[in-house]
Amino acid sequence: MKARALTAPSGSALEAVIPIPGTRGVQALFDMGAHPVGGAGCRDASASSPSFTDLVFTVDRAEGPTPPRR
């Protein structure tokens, strides 16, 4: 299994990893809980002011056993 190192933006936490259907693309969604919003950390802001950011990347083709022929 291959792995990829991700560097999260400062003050964030990984919230979700979402495959992009029909592609080798993956979206990593980060919750910016410590990111300043209106002078306070995002986690302390009103429910209407959350802050998120993402990173979209392509995963390498997985190498594994060849599937059996039918």
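In the range 1-29, the residues that are at pLDDT 90 or above reach residues that are among the charged types (D, E, K, R) and open to solvent by 80 Å² or more (accessible area, probe 1.4 Å) with C-beta atoms within less than 7 angstrom, at least six apart or across chains, in these pairs: Leu29/Glu15. Scanning the range 33-70 for residues that are assigned to a loop (DSSP other than H, G, I, E, B), among the hydrophobic types (A, V, I, L, M, F, W, C) and either touching a His at 6+ places or on another chain (Cβ under 6 Å) or at pLDDT below 80 (or both) yields Ala34, Ala45, Ala47, Ala62.
The values are calculated or read from the model by the stated rules, or taken from the named source; none is laboratory data. Everything numeric in this text was worked out from a predicted model, so none of it was measured. Positions of Cβ are generated from backbone atoms using ideal geometry, with glycine treated the same way; all protein chains shown enter the neighbour counts. Areas reflect the complete protein model, heavy atoms only, side chains present, ligands, DNA and RNA absent. Shrake-Rupley method; radii C 1.70, N 1.55, O 1.52, S 1.80 Å.
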